[in-house]
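Everything below concerns the one structure shown next.
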Amino acid sequence: MTPHTLSPADDAFAERLRAALPEDTLERARPGQLEEPRGRWRGTAQWSARPRSVDEVAAILRACTEAQVPVIPYGGGTGLVGGQIAPDGPVPLLLSTDRMAAIRAIHPEENTAIVEAGAILADVQAAARDADRLFPLSLASEGSARIGGLLSTNAGGVNVLRYGNARDLVLGLEAVLPDGSVWNGLKRLRKDNTGYDLRHLLMGAEGTLGVITAAVLKLSARPAATGTALLTVPDPAAALSLLAMARDHVGEGISAFEIMHRMGFDFLRETLPDVRQPWPEPPEWCVLIELGLGRGQNPTEALETLFAEAFEAGLTEDGMVAQSETQSAEFWALRERIPEANRHIGAISSHDISVPLGALPEFIQRASPTLAELGHFRINCFGHLGDGNLHYNVFPVAGENRADHEDKRDAIKACVHDLVHALDGSVSAEHGIGRLKVSDLEKYGDPTKLAAMRAIKAALDPAGIMNPGAVLRG
């Protein structure tokens, strides 16, 4: 890609843009918009545009293209790879979707919902629930993450095993391309073979090809009953065998299958002692299973039967099946608050990786001794075992902090990512590339794919204004 000469979104540009928009659309960027959750970067934006309609988004992008001003689409700001933050380069304009938060329609009989990009995930889930339907995308930041950002990063979460990633939950999109043209693609069709599928091009592009303004989302029937179990396993290989056994029992009724290592529970005890742990001594490994079954099926009985068979097969030695919604919530709190405990400890290097399911035990077995050659660390390995996505995070030992190991961060990351690549995995399972992993994409990405990505970027965004520096190097 040829580097572009871009102009800053300074006060002079803001005055010109203000003339083309309703009076209160443009405002000073708020401090929170210039920070990312892990504190690795601070943004340089001075102005934030807050449009209320797709036409206003189109006017903003036309003006930015004409003036060669960079634009960063901004959702809930929850991204973990720096896609929403520009720490250097010409000062960008933030384009926030927070005023475009309407849930335009719910069609229960079609299992679809039409929502705007600024809608908060938890609100979409609630609207679906009010219509006796389920929007299954679920992750820790659902109280602040917005639909546009979730689709732009192809977010994952705990229910990917059953329902797929964000891109699997979309039928149609409305979006504005860099030149200000509007794609009116809000079709509620399950079958539409009319050429290239622009949905999947824009989803996962992280705002580098345009701005998603609305989407037709797929809803599902709500399970008639759910059940949750926490089962110990001797090792990750046994956890995979347990997953296969669970599928034999209930087929696609498994909504989530999470693996957790003892280190996560130690971190919870150290930093969040209010989180109730059900063991006097945490197991080395355990899995959290959630079932969602139809009418006439009893998930609690299914889990108890699974536990008995797994015990006989030596796949588990202990376990608990939740007997109430309260107990189920306590089990889930263990999994959902591990990232919070991680933040309190402070990771030297965090990794969102995936490998083929059959390679997971080998990865875990090989990674730890390889890292030990670089120094003494604590490793918290947990994540979505059912879809091969692990959060493999490296921490200092007790009494040290991550600043003591800054000089080792790159070596640690390379160690983990090299092994992932050798096992035919991905160094970005669900968080995206953003700015954090641009060099990783260049190192591990397929050259033909990268060339095609650059060609698409040049065709749709010839001025290079859309989120420059994210995903592809500018």
For Pro22, the net charge from surrounding residues (Cβ-Cβ under 13 Å; K, R +1; D, E -1) works out to -1
Those trypsin sites (Lys or Arg not before Pro) from the stretch 233-291 that are DSSP loop and have at most 14 other Cβ neighbours within 10 Å turn out to be Arg276
Over all viewing directions the Cα convex hull of the stretch 50-142 casts an average projected area in nm² of 7.1 nm²
Taking the dipole of the stretch 1-108 about the Cα centre (Lys, Arg +1; Asp, Glu -1; charges at Cβ), the one of Thr65, Ile106, Pro90 that reaches farthest to the positive side is Ile106
Cα extents of the stretch 352-444 along the principal axes, largest first, in whole Å, come to 35, 28, 20
Those trypsin sites (Lys or Arg not before Pro) from the stretch 98-184 that are DSSP loop and have at most 16 other Cβ neighbours within 10 Å turn out to be Arg99
If every Lys and Arg gets +1 and every Asp and Glu gets -1 at its Cβ, then about the Cα centre the chain yields a dipole, in debye to the nearest 20, of 1200 debye
In terms of the charge dipole of the chain, which places +1 on Lys and Arg and -1 on Asp and Glu at the beta carbon, the residue among Ser354, Leu293, Pro282 farthest towards the positive end is Ser354
With +1 on the Cβ of every Lys and Arg and -1 on the Cβ of every Asp and Glu, the dipole magnitude of the stretch 141-212 about its Cα centre, in debye rounded to the nearest 20, is 320 debye
Quick calc: nm separation of the 7 Å Cα→Cβ label points for His200 and Asp266 -> 4.3 nm
Whole-percent carbon and sulfur contribution to the accessible surface of the stretch 319-469 (1.4 Å, no ligands, DNA or RNA) stands at 52 percent
Over the stretch 1-80, with neighbouring protein chains present, the accessible area per residue in Å² at probe 1.4 Å is 48 Å²
Here the FRET efficiency for Arg295 versus Ala12, based on Cβ atoms and R0 = 60 Å and rounded to 0.05, is 0.40
A correct Karplus calculation of ³J(HN,Hα) over the stretch 130-142, with 6.51 cos²θ - 1.76 cosθ + 1.60, θ = phi - 60°, whole Hz and x for Gly and Pro, returns 5, 9, 6, 10, 10, 9, x, 4, 8, 8, 4, 8, 5
The answer for Ser255, listing residues at least 5 apart or on another chain whose modeled amide H is closer than 5 Å to its amide H, is Glu290, Leu291, Gly292
Semi-axes in Å, largest first, for the stretch 110-191 (Cα gyration tensor, √(5λ)) are 21, 15, 13
Checked against the structure, the computed Rg and Dmax of the Cα atoms in Å among [x] 23.6, 78; [y] 22.4, 69; [z] 22.9, 73 is the one labelled [z]
Asserting the computed 222 nm helical MRE of the chain (DSSP H runs at least 4 long, -39500 (n - 2.57) per run, divided by residue count, to nearest 500) equals -9500 deg cm²/dmol
Answer check: the stretch 211-335, Cα atoms, Kirkwood Rh, Rg/Rh ratio of 1.03
Carbon and sulfur atoms account, in whole percent of the 1.4 Å probe accessible area of the stretch 65-151, for 48 percent
Mean separation of Cα contacts under 8 Å (at least 6 apart) over the residue count of the chain, i.e. the relative contact order in percent, is 16 percent
Computed on Cα atoms only, the convex hull of the stretch 191-274 has an orientation-averaged projected area in nm² of 11.0 nm²
Measuring from its Cα centre, the stretch 284-341 shows a charge dipole (+1 at each Lys and Arg Cβ, -1 at each Asp and Glu Cβ) which, in debye to the nearest 20, is 240 debye
Projected onto the charge dipole of the chain (unit charges on the beta-carbon of Lys, Arg, Asp and Glu, signs +1, +1, -1, -1), the Cα from Thr305, Ser141, Ser368 with the largest positive-side position is that of Ser141
Non-local residues with an amide H under 5 Å from the amide H of Leu95, with H modelled 1.01 Å from N and Pro and chain starts lacking one, are Ala49, Ile72, Tyr74
Rounded to whole Å², per residue accessible area for the stretch 435-474 with a 1.4 Å probe reads 46 Å²
Taking 0.36 nm per residue of separation between Glu373 and Glu304 and subtracting their Cα-Cα distance, the length gained on full extension comes to 20.6 nm
Probe 1.4 Å, heavy atoms of protein chains only: per residue, the accessible area of the stretch 120-254 in Å² is 39 Å²
Contour minus Cα-Cα span, Ser241 to Thr5, at 0.36 nm per residue, comes to 79.5 nm
Spelling it out for Ser7: with amide H atoms placed in the peptide plane at 1.01 Å from N, the residues 5 or more places away or on another chain with amide H under 5 Å from its amide H are Val69
Note on the stretch 250-380: contact order normalised by length, alpha-carbon pairs under 8 Å, 6 or more apart, percent, works out to 32 percent
Quick note, the stretch 30-86: a/c under 1.5 would make it rounded; otherwise a/b > b/c is prolate and the rest oblate (a ≥ b ≥ c, C-alpha gyration tensor); here it is prolate
Once Ala225 and Ala414 are pulled to full extension, the length gained, defined as 0.36 nm per residue separation minus their Cα-Cα distance, is 63.6 nm
So the carbon and sulfur contribution to the accessible area of the stretch 157-210, 1.4 Å probe, in percent, is 49 percent
The answer for GluC sites (Glu not before Pro) in the stretch 38-133 that fall in a DSSP coil and have at most 12 neighbouring Cβ atoms within 10 Å is Glu109
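The values are calculated or read from the model by the stated rules, or taken from the named source; none is laboratory data. Small disclaimer: the values here were computed from a predicted structure and weren't measured. Counting neighbours? That spans all protein chains shown, and the Cβs are built from the backbone with ideal geometry, glycine included. Please note that ligands, DNA and RNA were not included when accessible areas were found on the heavy atoms of the full protein model with its side chains. Shrake-Rupley method; radii C 1.70, N 1.55, O 1.52, S 1.80 Å.
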